[in-house]
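A short write-up of the structure that comes next.
What follows draws every value from the coordinates through simple rules; no lab data is involved. Given the structure is predicted, the values throughout are model-derived calculations rather than measurements. All Cβ positions, even for glycine, are placed from backbone atoms using ideal geometry, and neighbour counts span all protein chains on display.
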Amino acid sequence: MNMRAIYAIYRQEMARTRRTLLQSIVSPVISTALYFVVFGAAIGSRMQEIDGVAYGTFIVPGLIMLSLLTQSISNAAFGIYFPKFMGTIYELLAAPISYVEIVVAFVGAAATKATILGLIILATAFLFVPLRIEHPFVMLVFMVLTAVTFSLFGFIIGIWADNFEKLQLVPLLIVTPLTFLGGSFYSIDMLPPFWRTVTLFNPVVYLVSGFRWSFFGQSDVNVVVSLGMTFVFLLACLGIVAWIFRTGYRLKT
């Protein structure tokens, strides 16, 4: 494993975050803080508790997961797309560095940035709502695993996209709606039986449910099932990335 090459790419990606600090960190934190103000304070004070948890507190895991998913995808997608756009991807492919090391560097940087953002949003939540974390280790496991998984997904999108419009297509039209419909702002137990069954086909439900369990010790789906579904998606993304580098899909043309 060429650790020097991995670190060079990783450091370059992290440096890009420092240059775009307002867009990468400040903007998502402010946007999420507005959710806390509107849903937690203004609306949450007028709503009843959900499973014994105040509504403003209940939505915290869902909001963190929303930011974690979108930022993981965005960071990884833009990270690999720009070398394609500038033409420097060919220098990277010709360098004495394996495909595994390329993926580890880009995905590792994207996951690191998303995890840091998630922790900042978590710290911000303590300023707005009373919050407890019953299983902090499980919370970190879900956060890191989700960041890595969706950074891989974003890496795939970055390779697939051949223009800036496609970079935003999947996150805006698929991932964000699935997150809002995945129990971020409500418990799926509140839905009628038919719609609850339909919702279980939404993969984001398992991420939000497992992450919420780490906070409150209760969830809509068994935490083991949530963890298992996350690993399934991770393995699927790894399989697609392996196929991309094996075939050179949109990399060597």
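Roughly speaking, what % of Cα-Cα pairs in segment 83-214 are separated by over 24 Å, rounded to a whole number? Value for segment 83-214: 44 percent of Cα pairs lie more than 24 Å apart. Counted as membrane-span-like here are DSSP H helices of the chain whose alpha-carbon atoms extend 30 Å or more along the helix's own axis and whose Kyte-Doolittle mean is -0.5 or above; these are 60-86, 99-125, 136-160, 223-247. The value of relative contact order for the chain, using C-alpha pairs under 8 Å at least six residues apart, is 25 percent. Take the alpha-carbon centre of segment 117-149, take the same for segment 203-246, and report the distance between them in whole Å. Going from one Cα centre to the other spans 16 Å. Using helices alone, what [θ] at 222 nm do you get for the chain, with -39,500 (n - 2.57) per DSSP H run of 4 or more residues, divided over all residues and rounded to the nearest 500? Value at 222 nm, helices only, nearest 500: -22000 deg cm²/dmol.
Exposed loop sites, defined as GluC sites (Glu not before Pro) outside DSSP H, G, I, E and B with at most 14 other Cβ atoms within 10 Å, are absent from the longest region of the chain, namely 135-253. Of all chymotrypsin sites (Phe, Trp or Tyr not before Pro) in segment 89-167, which ones are in loop regions per DSSP and have a Cβ with at most 12 other Cβ atoms within 10 Å? Within segment 89-167, the qualifying chymotrypsin sites (Phe, Trp or Tyr not before Pro) (loop, at most 12 other Cβ atoms within 10 Å) are F126. Sparsely packed loop sites in segment 175-251 (the chymotrypsin sites (Phe, Trp or Tyr not before Pro) outside DSSP H, G, I, E and B with at most 13 other Cβ atoms within 10 Å) comprise F201. Computed across the chain, the Kirkwood radius stands at 18.9 Å (inverse of mean 1/r, all Cα pairs).
For segment 155-253, applying the loop criterion from DSSP together with a ceiling of 10 other beta carbons within 10 Å to the trypsin sites (Lys or Arg not before Pro) yields K252.
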